[in-house]
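Worksheet: one structure, shown below.
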Amino acid sequence: MATQIRHGYIDFPSEWEHVESHSVGPFVTRVVHRRGDGAEDVRTSRRHRKNLGPEPAAAGRLRWLLWRPSSLNWWIAVLFMIGSWHFVSGSVLVLVGLPNVYLIDLIFFVGSIFFTAAGYSQYFQSINAPTAIDSEGRTQAQVVRRYLGWQPRRIDFWATFPQFLGTLAFNVTTFAAFASVGWLGYEVIVWVPDYVGSILFLVSGVAAVVEFCHRLFCWKRRDLTWWIVVINFAGCVAFMLSAILAYYLPVAIFGHLATWSTIFTLIGAVCFFVGSYLMWPEMSAETA
């Protein structure tokens, strides 16, 4: 039967009884229906954009090691883990004083490429999320695949698009690090993109928390997805602090700030690695 009732951007079957919706401002984050057979169907923004279906009645069994290359969710996790590992490695090499600056810059740049691939994949997944559900609860795939889209009234858009833009800014700043410039040139071509990218990551991190919690914050330490969004948000905060401390001043007294900037880059990268890895057991518990 054709879907006729719209909640958020999704068309639901007309015979389903709408129970409640959760919204944060203009963003619909959770919708509850009662199906024709009496079963309750709970759809959340994060689960829907990842094509994980409705919330399960009971938690599934977790698998901590997963091989599922046919899944875009799996690739998003893998790409973020590889990118994060490069940032971890580069930060450690800086902290131990490796003299090969070119090698360190190369590691960071390669890591930023993997971040961009993951960020775009996440954004691509969001803008192509199904917009209709049939009476059996099955999602209807998009007829036309989108590669770019502007959907500012969707919370999943803000959880993915700013992060994708932030990864592009990290591409610029890590590539520009190869150039040999004075302190003013450093501020323009290295620090500014780093700072802007960190702000965009922070915007996406806040949106991801709101998307999951259906409000500004929640405490659900028994929920694996809660740990994913909170750890990733902590990583966004660490990257922001790293960018602030990376502001270059040609005065020796501020030299120690560069070390702290690298430490926060390391912390942010570790957070993203852990948060990305946890997407595997999240998938294993929620998909067949």
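Values for this structure:
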quantity: Some residue of the stretch 150-157 being closer than 19 Å to G197 by Cα, among the acidic types (D, E) and in contact (Cβ under 8 Å) with a residue 60 or more places away in the chain; calculated: yes
quantity: Among residues of the stretch 21-37, those that are surrounded by fewer than 17 Cβ atoms within 10 Å (Cβ to Cβ) and in contact with a strand residue (DSSP E or B) (Cβ under 6 Å, 6 or more places away or on another chain), counted; calculated: 3
quantity: Test: residue in the stretch 71-90 that is β-branched (V, I, T), outside any loop (DSSP other than H, G, I, E, B) and farther than 26 Å from N232 by Cα; calculated: no
quantity: Conditions (1) assigned to a strand (DSSP E or B); (2) touching a residue at least 60 places away in the same chain (Cβ under 8 Å): number failed by L52; calculated: (1)
quantity: Residue identified as in the same structural domain as F80 (by TED's automatic domain parsing), over 22 Å from S91 (Cα atoms) and not hydroxyl-bearing (S, T, Y) among V190, V229; calculated: V229
quantity: Matching residues, the stretch 94-146, being of a type in the set (D, E, K, R) and in a loop (DSSP other than H, G, I, E, B); calculated: D134, E136, R138, R145, R146
quantity: Test for Q151: is it within 22 Å of N232 (Cβ to Cβ), assigned by TED's automatic domain parsing to the domain that holds F233, under 13 Å from the mean Cα position of the chain (by Cα) and not basic (K, R); calculated: no
quantity: Residue match in the stretch 267-281 (condition: modelled with pLDDT under 95, crowded, with 16+ Cβ neighbours inside 10 Å, more than 12 Å from the chain's Cα centre (by Cα) and within 16 Å of S91 (Cα to Cα)); calculated: no
quantity: Checking A159 against (1) surrounded by 20 or more Cβ atoms within 10 Å (Cβ to Cβ); (2) under 28 Å from P26 (Cα atoms); (3) small (G, A, S); (4) out of contact with any Asp or Glu (no Cβ under 7 Å at 6 or more places or on another chain), the condition it does not meet; calculated: (4)
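The values are calculated or read from the model by the stated rules, or taken from the named source; none is laboratory data. Here the structure is a predicted model, which means the values were calculated and not measured. Quick reminder, even Gly has a Cβ in these numbers, built from the backbone with ideal geometry, and neighbours come from all protein chains shown.
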